[in-house]
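Structure record follows, encoded as structure tokens.
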Amino acid sequence: MREDFNSLNEEEQSRINVRSLLLLVRVYWHLFAISIAFTLFGAYMVNRYKTPKYLMKSQVLLSNEKEGREGMEIIGGQSMGGAFNPWDPTFVNDKIQIIKSFRFLEPVIDQLGFVNSYYVQGDVKISEQYSVPFDLKFDTKNDKALQYQYTFNFRENEVLVIGEKESRNIFEFSLKPGQVYQHKYFSMGISLTEEYASSGGSWKELVGTRFIFKKSSLKSVVSRYKSRLKVESVKDTKAIELSIEEENQEKGIALLDSVANAFVRKGLEDKNQSFEKSIAFINSELERVTTFLNDLEEKFQTFKQDKRAISLTDQTTALIHESAEVEAERYQQLLALKSIESLNQYLKTHDDLSTLAPATFGISEPLLVPHINNVAARYQEWKGISNSFQPSSPQYQKALKALNIAKASLEENARNVQNQMNTVLGEYDKRIREYDLRLENVPLIERNHAGIKRQTEIQEKIYVLLLEKKFEYEIAKSGNRSDYSILNKAYVAKQTSPQKGRNYTLAILLGLIIPAIYLFLKIYFDNKVRSREQIENGSDVPFLAAIPHHSGEEQLVFQTNSKSITAESYRNLRTSMSYMLASDDKPKTILVTSTISGEGKTFCTLNIGHVLSLSGKKVVVLGLDLRKPKLHLEFNLKNNVGLSNYLVGKLSLDEIIFKTPLDNVDIIPSGPIPPNPSELILSNRMIELHEQLKNQYDYILLDTAPLGLVTDAVDLMRISDLCVYIMREGYTQVNAIGFLNEFYVKKDIKNLGVVLNDSKFSGIKYGYGYGGGYGYGYGYGYGYGYGYGYGYGYGYGYGSGYGYGGAKQGYGYYVDNEETSRPFLMKVFDLLKKLYKRS
């Protein structure tokens, strides 16, 4: 049963907290409205005047499987791309790093002229321009020229150039079209562009415009764009995406298109590199053979003139032809053997096998081509795994082993092919020796003639062979295509800044957060008592009543308006005190105290006495605050006669009791301030006085000194039937609740109750809400305020109502005839509202 009660209590507490939060927002709605209005205006200004940025994109396809193979097939080789797998992350990452490399981007950016930046000065902001109507010739003589910003003010037939540095004018000069200005750091000339002039533009149209020019070093510009350019692989495709965020759309699109085109050209250049090496080797051989042929021709001409040998026999001629054929075949075999030797040397001296391909070495041997491609593939696999796994991992070791096996297999097959070629070369050498022996049997003159003729014919065949090879490679090169192609040219994907919708959303959130933080800090760091709930949560002392704020000059609230909320609150306090006092007809002593001065202790004492007298009871009020007396002021009495005179034995009781305008209410003022007030209050005369007053009055009210300053009230609690402890909303500090609780718990003073005085019911403004009661109420609303009843619950006036209280009694509040103080921002809002209605 207790668990069910706790569960219901927690549910009720949660419901109250939510309601308190909603009430807090409702009370401070104007703060949220003003804050949101300001943040929305700020978002509008950002969206209106911030220079927009755009995201540009372009896509490049990394593998054209059907293109670029024609050239390789002509020479019987394999495509270089066949050694690479475009699905391999390592292959893609290598291409990404190439594009983002400084070496690749530098010539692209230099060609685009990005070192020169042009801006147009507008009314509010400065906008960058990529294309300008004038052609500026700017040559730097010293790097200091890059430190300046140059402003061009176009005038009739000239332009005023101002050089600025750190917002200070350093120099200025006039520059006419076609003129070259010489400065110690630079030279400058300006003229209209051909495109602008051909479209009908003239110098007069530029008069009044203002351009800003800034030249940067190529290195700094490349570094800036290198960090901003994004190159990413497109998932599950053979493409990469280039993107950049740029204020100037034209500039961003030009960059992406230039980078993509340069990358495609590089792919073709890389593929043609092997052909160019082979063609270069063939050209060098052709040059050598041509020189040799020229020498042989001169030698043969000289021989014929000297020996007068005109012709050779048919047998010798046939022998020369056969020998030349064998020499040409032997040379072709030597070329193939040299290619394999180059391959072996490459495998021994290079760890990076990313460019390994049959065409790289001009190898078309059917036995070696698959092994070369296999080594290239195993290398790519190993490199990809090495980026993700440690060398000691099984995956790494497995890939490395596969690569080593492929290399060993290639080397072994290369050796076998070399051995076969060497055997063939041996056969060629043997046949050549046989031809040489047969030529030795020819007469000497004819033999010398045949030797020259034979060498000439051999070189001619080699020359033809080289020409055929060169022709094949050139055809292959011309039929070659890049493995890369532009999939999508650069385009504007979206505007990234300012994001209008996002900025307005953030503005609304910020407009809600700022006042929320303000309210949180206001509540968190507030150390004043703000509500009944604070008192009840911090102390077990019974709560008697909350006395609303009284703005009138009269201290006695029943004399001004007996049906006001303040008067009703004292009636409610009278009822609460009756529950704590004994129900017999004996006289009752009620002590009224507080923590410090200024909490309304005397005000409450007088009105408690007044409300008790309204029920026909005789009441006497004693001014026991002998150090700072105030009780006499309300009735315009002098304080030269009073309690202190009686306690020192100078006056009798009848001489210190004064009648008041209130029926059944008498007072005993404090009298002259004595030097020893505590001793007088503890004297036997005080006990005698109390006994005498009990014989004459139904209620004795003791207006004592503050409990937090002196101990007078503690001593008087022994003779009191009820102690009323006054706290003032927004004035009493929160630690006073702990001070009060200490008296109630540790000092075991149980005849104690709390009254919250001067309550403006601002607990809502500090997050403290209350449950609603029931009953009736009085009052009416005022202006745009709220009307509340007060009594056992709440009533409604002209407006909305809130209830305060628990199950026993409720507390209501309404705005009385007198206008209460309103927050400054609320007054501003009311003024704006009135002005709006008038308009």
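What the table below lists for this structure:
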item: Among the candidates L242, L268, residue that is farther than 15 Å from E472 by Cα, in a helix (DSSP H, G or I) and of a type in the set (A, V, I, L, M); result: L268
item: Unmet criterion (only one of (1) more than 19 Å from Y118 (Cβ to Cβ); (2) without any contact (Cβ under 8 Å) to a residue 24 or more places away in the chain) for V180; result: (2)
item: Some residue of region 381-395 being surrounded by 15 or more Cβ atoms within 10 Å (Cβ to Cβ) and farther than 19 Å from N93 by Cβ; result: no
item: Verdict on G189 being assigned to a strand (DSSP E or B), surrounded by 12 or more Cβ atoms within 10 Å (Cβ to Cβ) and either of a type in the set (K, R) or in contact (Cβ under 8 Å) with a residue 24 or more places away in the chain (or both); result: yes
item: Helices (runs of 4 or more DSSP H) (entirely within region 470-565) containing at least 2 residues that are in contact with a strand residue (DSSP E or B) (Cβ under 6 Å, 6 or more places away or on another chain), surrounded by 16 or more Cβ atoms within 10 Å (Cβ to Cβ) and touching a residue at least 40 places away in the same chain (Cβ under 8 Å); result: 532-538
item: Within region 85-174, strands (runs of 3 or more DSSP E) holding 2 or more residues that are more than 29 Å from N47 (Cα to Cα); result: 134-140, 149-155, 158-165
item: Of residues in region 348-360 being open to solvent by 10 Å² or more (accessible area, probe 1.4 Å) and either modelled with pLDDT of 70 or more or farther than 21 Å from L268 by Cβ (or both), the one nearest to the chain's Cα centre (by Cα); result: D352
item: Top-ranked residue in region 102-156 [being within 18 Å of R228 (Cβ to Cβ), within 31 Å of the chain's Cα centre (by Cα) and of a type in the set (A, V, I, L, M, F, W, C); ranked as surrounded by the fewest Cβ atoms within 10 Å (Cβ to Cβ)]; result: F102
item: Meets criteria (open to solvent by 30 Å² or more (accessible area, probe 1.4 Å), modelled with pLDDT under 95 and of a type in the set (F, W, Y)) for F91; result: no
item: Selected residue (criterion: farthest from N735 (Cα to Cα)) from residues of region 601-624 that are open to solvent by 20 Å² or more (accessible area, probe 1.4 Å) and not in a helix (DSSP H, G or I); result: G616
item: Where E128 falls short, out of the listed (1) at pLDDT 90 or above; (2) of a type in the set (D, E); (3) touching a strand residue (DSSP E or B) at 6+ places or on another chain (Cβ under 8 Å); result: (1)
item: Residue within region 24-39 that is over 30 Å from I126 (Cα atoms), at pLDDT 85 or above, open to solvent by less than 20 Å² (accessible area, probe 1.4 Å) and not hydroxyl-bearing (S, T, Y) present; result: yes
item: The listed residue being open to solvent by 50 Å² or more (accessible area, probe 1.4 Å) and of a type in the set (V, I, T), out of I405, I372; result: I405
item: Residue list for region 198-208, restricted to those being open to solvent by 50 Å² or more (accessible area, probe 1.4 Å) and assigned to a helix (DSSP H, G or I); result: S198, K204, E205
item: Subset of region 209-238 [part of a strand (DSSP E or B) and closer than 30 Å to Q59 by Cα]; result: K230, V231, E232, S233
item: Residues of region 31-56 satisfying the condition of being among the β-branched types (V, I, T), under 17 Å from T496 (Cβ atoms) and assigned to a helix (DSSP H, G or I); result: V46
item: Matching residues, region 209-240, being in contact with a Phe, Trp or Tyr (Cβ under 8 Å, 6 or more places away or on another chain) and either under 16 Å from A490 (Cα atoms) or open to solvent by less than 70 Å² (accessible area, probe 1.4 Å) (or both); result: T209, F211, I212, F213, K214, K215, V221, V222, S223, Y225, K238
item: In region 603-637, the residues that are at pLDDT 90 or above and among the hydroxyl-bearing types (S, T, Y); result: T605, S613
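The values are calculated or read from the model by the stated rules, or taken from the named source; none is laboratory data. What you see is a predicted model; the values in this text were computed from it and never measured. Cβ sites come from the backbone with ideal geometry, for glycine too, and all protein chains shown count toward neighbours. For accessibility, only protein heavy atoms count, side chains too; no ligands or nucleic acids. Shrake-Rupley method; radii C 1.70, N 1.55, O 1.52, S 1.80 Å.
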